[in-house]
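Sharing a structure with you now.
Read-outs: derived from the displayed coordinates by stated rules, not from any lab. The structure presented is a predicted model; accordingly, all values stated were derived computationally and were not measured. FYI the Cβ positions are ideal-geometry reconstructions off the backbone, even for glycines, and counts take in every protein chain you see.
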Amino acid sequence: MNTDLRPSGPFRLGDRVQLTGPKGRLNTITLREGGELHTHHGVLKHEALLGQPDGSVHTNSGGHEYLALRPLLRDFVMSMPRGAAIIYPKDAAQILASADIFPGATVVEAGVGSGALSLWLLRAIGASGRLISFERRAEFADVARANVETFLGHEPETWRVAVGDLTEVLPREVEPASVDRVVLDMLAPWECIDVVADALTPGGVVLCYIATATQLSRVAEYLRGTGLFTEPEATETMIRGWHVEGLAVRPDHRMIGHTGFLLTARRLAPGAIPPDVRKRALKKPTYSDVDVDAWTPGAVGDRQITDKNLRKRVRDAQRAVDGARLAAAGNGSDEVVD
Ligand SMILES: C[S@@+](CC[C@H](N)C(=O)[O-])C[C@H]1O[C@@H](n2cnc3c(N)ncnc32)[C@H](O)[C@@H]1O
């Protein structure tokens, strides 16, 4: 199986290539036999790129130059079709470190959403790991599958997508105490903590990615209340870009102010009660339905995708993966842009 999730070396048929053309305009193509990129600046034949190094510059029929680079995973996830909001690269990187995702790990993820985090996790577990991604909405699972296949060129053998609610499906899909790491990205992760506690191996890590402070509080108290985990640790990750040009060296004017918080805790061995946990154990928090309503995506300012829009995203994702399959098979029609 091809486990090289970031192809390098000269361009080959089936590679996705990001072209930066006149005025910095970006076009992403998938290299195929006889393929051409048509713009109002002229035509660039795919074959001109075959065998050329990543990062090379190519001139089209109109004399315009294009810089050709394979998209990095962070470029791909930011531009791929989305069903649900994705985890941004800055948070995905931190999740890999905080949840200690390692080659060969058995990892559970829920929900799969658009598959952005799945791609990072698949890379980190390598050829000998196992990722089981749970998603309760079948259409989102379809978008995620299409995105993963578009980026990797195949659906990896290390990945399984299970459709259904984690609370119901997890106990059926994995043996108790068999999972090394669990990553939850969903509205109400506290609902899943009991099944996660059963699935995790002693010492295993659960990581919750949550958008609001109220959700953070609720899931932290729930974890504490079980008595089955170490003291939860919370962080947020801010990355500030810098403008570095000549003597103008300063932070960028704009940055991403908030995405989400990370909360991690480790599963204790059966029967283990560390002294600090015993002292701090709280009663299970009593949140009402009204509290939960206050955290719905609409209430916290996230736009809910309409069914019509979601069907369009599924079609977009399917078109992208169909194009990648055609290209991998060495045929297909030309891209026409502009
Ligand atoms: C924000 S999205 C996940 C995005 C994903 N991490 C990514 O990077 O693309 C949250 C997803 O969780 C799913 N979800 C929420 N609760 C769930 C549950 N209990 N079991 C399975 N999936 C769930 C939702 O349907 C939604 O697709």
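Please state the charge dipole magnitude for the chain, taken about the Cα centre, from unit charges on C-beta atoms (+1 on K and R, -1 on D and E), reported in debye and rounded to the nearest 20. Working shown, then result.
On the way: 39 positive and 43 negative charges, 89 e Å.
Charge dipole of the chain: 420 debye, to the nearest 20.
Which of the peptides 313-324, 179-190, 251-262 is most tightly packed, and how do the rest follow, going by the mean number of other Cβ atoms within 10 Å of each residue? Display every interim value, and only then the final one.
Values: 313-324: 18.2, 179-190: 23.7, 251-262: 12.4.
Highest mean packing first, the order is 179-190, 313-324, 251-262.
Also, I was wondering about something else. Debye sum, Cα scatterers, the stretch 137-225, no solvent: what log₁₀ I/I(0) at q = 0.16 1/Å?
-0.76
Antiparallel DSSP bridges in the chain: what percent, to the nearest 5?
Values: 31 of 53 bridges.
Here the share of antiparallel DSSP bridges comes out near 60 percent.
OK, next. Could you list log10 I(q)/I(0) for the stretch 125-184 at q = 0.20 Å⁻¹, which the Debye formula gives when each Cα is one point scatterer?
-0.85
How would you order 114-125, 152-163, 87-98 from highest to lowest mean count of nearby Cβ atoms within 10 Å?
114-125, 87-98, 152-163
Go through the stretch 174-179 residue by residue and turn each phi into a ³J(HN,Hα) via Karplus (6.51, -1.76, 1.60, θ = phi - 60°); whole Hz please, and just put x for glycine and proline.
Result, rounded to whole Hz: 10, 6, x, 6, 10, 9.
In addition: Work through the residues other than Asp198 whose Cβ is under 11 Å from its Cβ and net out their charges, Lys, Arg +1 and Asp, Glu -1.
Values: positive: Arg267; negative: Glu175, Asp194.
Combined, the nearby Lys, Arg, Asp and Glu give -1.
At 222 nm, what value in deg cm²/dmol follows for the chain if DSSP H runs of at least 4 each add -39500 (n - 2.57) and the sum is divided by all its residues, to the nearest 500? The partial results should precede the final answer.
Details: 10 runs with 105 residues, N = 338.
Rounded to the nearest 500, the figure is -9500 deg cm²/dmol.
List, largest first, the extents of the alpha carbons of the chain along their principal axes, each in whole Å.
73, 49, 38
Work out the P(r) tail for the stretch 1-71: percent of alpha carbon pairs separated by more than 19 Å, whole number. Kindly include the intermediate steps, with their values, before the conclusion.
Values: 669 of 2485 pairs.
I get 27 percent for the Cα pairs in the stretch 1-71 exceeding 19 Å.
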